[in-house]
Amino acid sequence: MSRVVLVTGGNRGIGLACAMAFAEQGDKVAVTCRGEVPAEVSDAGILAVPCDITDSVQVDSAFDQVEAALGPVEVLVANAGITRDGLVLRMSDEDFADVVDTNLTGSFRVARRAVKGMMRARWGRIVFISSIAGRIGQTGQANYAASKAGLVGLGRSLAKEFSSRGITVNIVAPGPILTDMLAALPEEQQASYAEAVPLGRLGQPHEVAEVVRFLASEGAGYVTGAVVPVDGGIFMG
């Protein structure tokens with residue numbers, strides 16, 4: 001049965017892989033993006049809407065466009081995020097605040113908007129894309145790690161708040177995934193990341209997408225408030 005799925009930041013990397021995975025199984029999929037829309041999004045019949053998730057007005061507008069074109073959002077994948085890396089002593093207030101506002105507060109904004117329709121339908125799936133950095137920390141990423149750790153508290157709070165309405169909320173925590181950002185690093189650095197992974201390799205975006213797709217399925221109806229690592233075994237907690 002086709003559902004309406006919205007993936008924020010769905011024009012590249014993990015977000016794009018999630019959007020394509022849902023489209024492949026016949027769901028009606030929309031993505032938000034701030035940059036160029038890749039051809040594969042259009043070719044797959046995925047609706048692309050511009051949206052800066054740090055702006056509540058733009059979030060409302062994006063949802064209005066998706067609802068008008070596809071119907072109420074039944075599955076939300078809150079994936080959009082940014083990085084502003086740097087050591088704490090050199091990190092500005094703006095660099096810290098911008099990352100938290102996008103990654104954490106932005107996810108709150110889209111979830112708050114999505115849950116309205118889900119409550120009426122008494123069914124919904126929300127998946128937050130966190131990171132291994134939010135579990136173990138990362139030198140030079142205090143802002144990013146804090147924002148991703150915050151998604152765990154946010155997701156679990158929403159899981160408790162909306163469980164009586166048939167809405168599940170889960171968190172996926174990827175490890176080192178071979179996205180464009182990681183692929184741009186020198187091969188030696190990529191190799192060092194892979195060596196730290198018990199499975200001995202970097203992950204692929206589609207491997208994260210498969211876990212997200214399961215958490216959004218009917219079969220995962222008894223899973224909520226979970227933090228699911230997709231990290232090759234780095235964090236076995």
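The values are calculated or read from the model by the stated rules, or taken from the named source; none is laboratory data. Computed from a prediction, not measured in an experiment: that's the story for all the values here. Neighbour counts run over all protein chains shown; Cβ positions are idealised from the backbone, glycine included. In case anyone asks, the SASA skips ligands and DNA or RNA and just uses the protein heavy atoms, side chains included. Shrake-Rupley method; radii C 1.70, N 1.55, O 1.52, S 1.80 Å.
For the reader, a short list of remarks on this structure follows.
- Every test in (1) polar (S, T, N, Q); (2) under 13 Å from the mean Cα position of the chain (by Cα); (3) modelled with pLDDT of 95 or more is passed by ASN11 save one, and that test is (3).
- Subset tally (residues that are in contact with an Asp or Glu (Cβ under 9 Å, 6 or more places away or on another chain), buried (at least 17 other Cβ atoms within 10 Å of the Cβ) and part of a helix (DSSP H, G or I)) for the stretch 118-133: 1
- Set CYS18, CYS51: member being modelled with pLDDT of 95 or more, under 11 Å from LEU6 (Cα atoms) and open to solvent by less than 20 Å² (accessible area, probe 1.4 Å): CYS18
- Every residue from the stretch 61-90 that is in contact with a Lys or Arg (Cβ under 9 Å, 6 or more places away or on another chain), surrounded by fewer than 15 Cβ atoms within 10 Å (Cβ to Cβ) and not in a loop (DSSP other than H, G, I, E, B): ALA69
- Of all residues in the stretch 20-37 being closer than 19 Å to ASP55 by Cβ and small (Gly, Ala, Ser), the one that is farthest from the chain's Cα centre (by Cα): GLY35
- Only one of the numbered conditions (1) within 24 Å of LEU158 (Cα to Cα); (2) more than 19 Å from the chain's Cα centre (by Cα) is violated by GLY200, and that is (1).
- The listed residues are ALA97, ALA111, and the only one of them that is within 17 Å of the chain's Cα centre (by Cα) and modelled with pLDDT of 95 or more turns out to be ALA111.
- Residue satisfying condition, being of a type outside the set (Lys, Arg) and either open to solvent by less than 10 Å² (accessible area, probe 1.4 Å) or over 15 Å from the mean Cα position of the chain (by Cα) (or both), within set GLU210, GLU188: GLU188
- Some residue of the stretch 43-54 being of a type in the set (Asp, Glu) and under 21 Å from THR168 (Cβ atoms): no
- For the stretch 91-117, a tally of residues being open to solvent by 90 Å² or more (accessible area, probe 1.4 Å) and of a type outside the set (Lys, Arg) returns 2.
- On the stretch given as the stretch 24-48, residues that are crowded, with 20+ Cβ neighbours inside 10 Å and part of a helix (DSSP H, G or I) total 1.
- Residue pairs meeting the criteria (Cβ under 8 Å; at least 6 apart or on separate chains; first of a type in the set (Gly, Ala, Ser), in the stretch 190-212; second open to solvent by 40 Å² or more (accessible area, probe 1.4 Å) and not in a helix (DSSP H, G or I)): ALA194/GLY200; ALA194/ARG201; ALA196/ILE234; GLY203/LEU178
- The listed residue being more than 28 Å from MET1 (Cα to Cα), in contact with a strand residue (DSSP E or B) (Cβ under 9 Å, 6 or more places away or on another chain) and either open to solvent by 20 Å² or more (accessible area, probe 1.4 Å) or modelled with pLDDT of 95 or more (or both), out of LEU215, LEU202: LEU202
- Unique residue being in a helix (DSSP H, G or I) and within 21 Å of GLN25 (Cβ to Cβ) when the list is ALA159, ALA209: ALA209
- Within the stretch 136-171, restricting attention to residues that are free of Cβ contacts under 8 Å to residues at least 24 places away in the same chain and polar (S, T, N, Q), the residue that is surrounded by the fewest Cβ atoms within 10 Å (Cβ to Cβ) is SER164.
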